[in-house]
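The values are calculated or read from the model by the stated rules, or taken from the named source; none is laboratory data. A quick note: this is a predicted structure, and the numbers were derived from the prediction, not measured. As a convention, Cβ positions derive from the backbone with ideal geometry for all residues, glycine included, and neighbour counts pool all protein chains shown. Side chains included, ligands, DNA and RNA excluded: accessible areas come from the protein's heavy atoms. Shrake-Rupley method; radii C 1.70, N 1.55, O 1.52, S 1.80 Å.
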Amino acid sequence: MTKAADIMHPGAQWIPKSQTVDRAAQLMRDLNVGALPIADENERLCGILTDRDIVVGCVAEGKDCSRTTAGELAKGTPRWIPADADVSDVLREMEQNKIRRLPVIDKNKRLVGIISEADLAHHLTEPQIAEFVEKVYA
């Protein structure tokens, strides 16, 4: 049985919720990623910041990216999946919540990786991918 840990991109880097958006954007550039999980002061997941969040929630609103924090742009309840969850649970979580990136958390509630659409494409069958695309983008 394939688990979340088997298909995730390991070693995902998180940013503190106090990190400024400009620094987060620079880190995204340096890591060549489009999203960064956000952690609170106890290193617990409290959100995820995407490149779209930065553009729509900061730049387009005329906010100062050097003063706006990742925590200010984090909205809603963060979604995540345990590392030992079955891949069917991963798909269900992503499909039901229409999300394209899913942080993976260990038993101690610490970030151990992230699953993206690209990870799904590398590890799933064509029918599974087609169903995912239909549900997330419908």
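Tabulated data for the structure shown
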read-out: Counted residues, the range 9-32 - those being exposed (fewer than 15 other Cβ atoms within 10 Å of the Cβ) and in a loop (DSSP other than H, G, I, E, B); value: 4
read-out: Failed criterion for A35 (all others in (1) in contact with a helix residue (DSSP H, G or I) (Cβ under 6 Å, 6 or more places away or on another chain); (2) open to solvent by less than 60 Å² (accessible area, probe 1.4 Å) hold); value: (1)
read-out: Close pairs from the range 33-47: first farther than 9 Å from K17 by Cα, partner of a type in the set (D, E) and not in a strand (DSSP E or B), Cβ under 8 Å, at least 6 apart; value: G34/D51; A35/D51
read-out: First in the range 79-105 and under 16 Å from C46 (Cα atoms) and hydrophobic (A, V, I, L, M, F, W, C), second anywhere and open to solvent by less than 50 Å² (accessible area, probe 1.4 Å) and assigned to a helix (DSSP H, G or I), Cβ under 7 Å, 6 or more apart; value: I81/A4; I81/V90; I81/E93; L102/V90; L102/E93; L102/M94; V104/A4; V104/A5
